[in-house]
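In what follows, a single structure is set out as structure tokens and then discussed.
Derivation of every value follows stated rules applied to the coordinates shown; laboratory data play no part. None of the values given here were measured: they were computed from a predicted structure. Please note: Cβ atoms are built from the backbone with ideal geometry, for glycine as well, and neighbour counts cover all protein chains shown.
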Amino acid sequence: MRKIAIYPGSFDPVTNGHVDIAQRGLKIFDKIIVAILHNPVKKFLFSVEERVEMLKSSFEAYPNIEVETFDGLLVEYASKKGSIAILRGMRAVSDFEYEFQLALMNRRLNREVQTVFLMTGLRWIFTSSSIIKEAAQFGGDIETMVPPIVNQKLKEKFGLNS
């Protein structure tokens, strides 16, 4: 039986920290589905289509990583995909309380799907999509913090192409 994990997030945009978690997740799971929740209520910098494109480009060297979108409850999506786990990355203690609450709710909704937390690699501990977007907006050099496609797309979004 293949061990499949769902790695959910908004990925607005994907960072090297996200990539690190997915790569390390492949040491535990046979397949990872990077899943973007389609949430029309929330405001994002990048469209779902743009985020899918950036994720697919970021993971093109990994045949065991798929990129998809989903609607509805995460645990229902995980069950539908035959997943045994939800993979989550944690940067700091501040992430723990929220992630812990989500994990408990997901466990209550479906006891068959486990939540697995991976600590973000030390070099990515300070990065978040929000911080990267803010730095990029003001011309900050974020090249080493995001995949190349994301760096390019952020420059385009903020009119910073040189």
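Kirkwood analysis of the stretch 1-48, using all unique Cα-Cα pairs, places the hydrodynamic radius at 11.9 Å. Evaluated with a Cβ-only charge set (Lys, Arg +1; Asp, Glu -1), the chain carries a dipole of roughly 420 debye about its Cα centre, given to the nearest 20.
Among Ser58, Ile132, Ser47, whose Cα projects farthest towards the positive end of the dipole of the chain, with charges put on the beta-carbon of Lys, Arg (+1) and Asp, Glu (-1)? Value: Ser58. Between Val93 and Asn161, the distance separating the two model label sites (each 7 Å from Cα on the Cα→Cβ line) works out to 4.6 nm. Extension gain, His38-Leu26: 0.36 nm per intervening residue step, less the Cα-Cα distance, totals 1.9 nm.
Considering only Cα atoms, the convex hull volume of the stretch 82-162 works out to 125 Å³ per residue. Candidate cross-link partners of Lys43 among the lysines, defined by an alpha-carbon separation under 23 Å and a same-chain spacing of 8 or more, comprise Lys56, Lys133, Lys153, Lys155, Lys157.
Based on alpha-carbon atoms, the Kirkwood radius and the radius of gyration of the chain give Rg/Rh equal to 0.96. Once the Cβ-Cβ distance of Glu68 and Gln101 is raised to the sixth power relative to R0 = 30 Å, the FRET efficiency obtained is 0.75.
Its relative contact order, with pairs defined as Cα atoms under 8 Å and 6+ residues apart, puts the chain at 29 percent.
At a Förster distance of 22 Å, what's the computed FRET efficiency of Arg108 paired with Ser130, Cβ-Cβ distance as r, to 0.05? Computed FRET efficiency for Arg108 and Ser130: 0.15. Can you give the direction-averaged projected area of the convex hull of the alpha-carbon atoms in the stretch 16-83, in nm²? Reported value for the Cα convex hull: 5.0 nm². For a straight C-alpha distance cut-off of 18 angstrom, the lysines reachable from Lys81 (same-chain residues fewer than eight places away being disregarded) are Lys3, Lys31.
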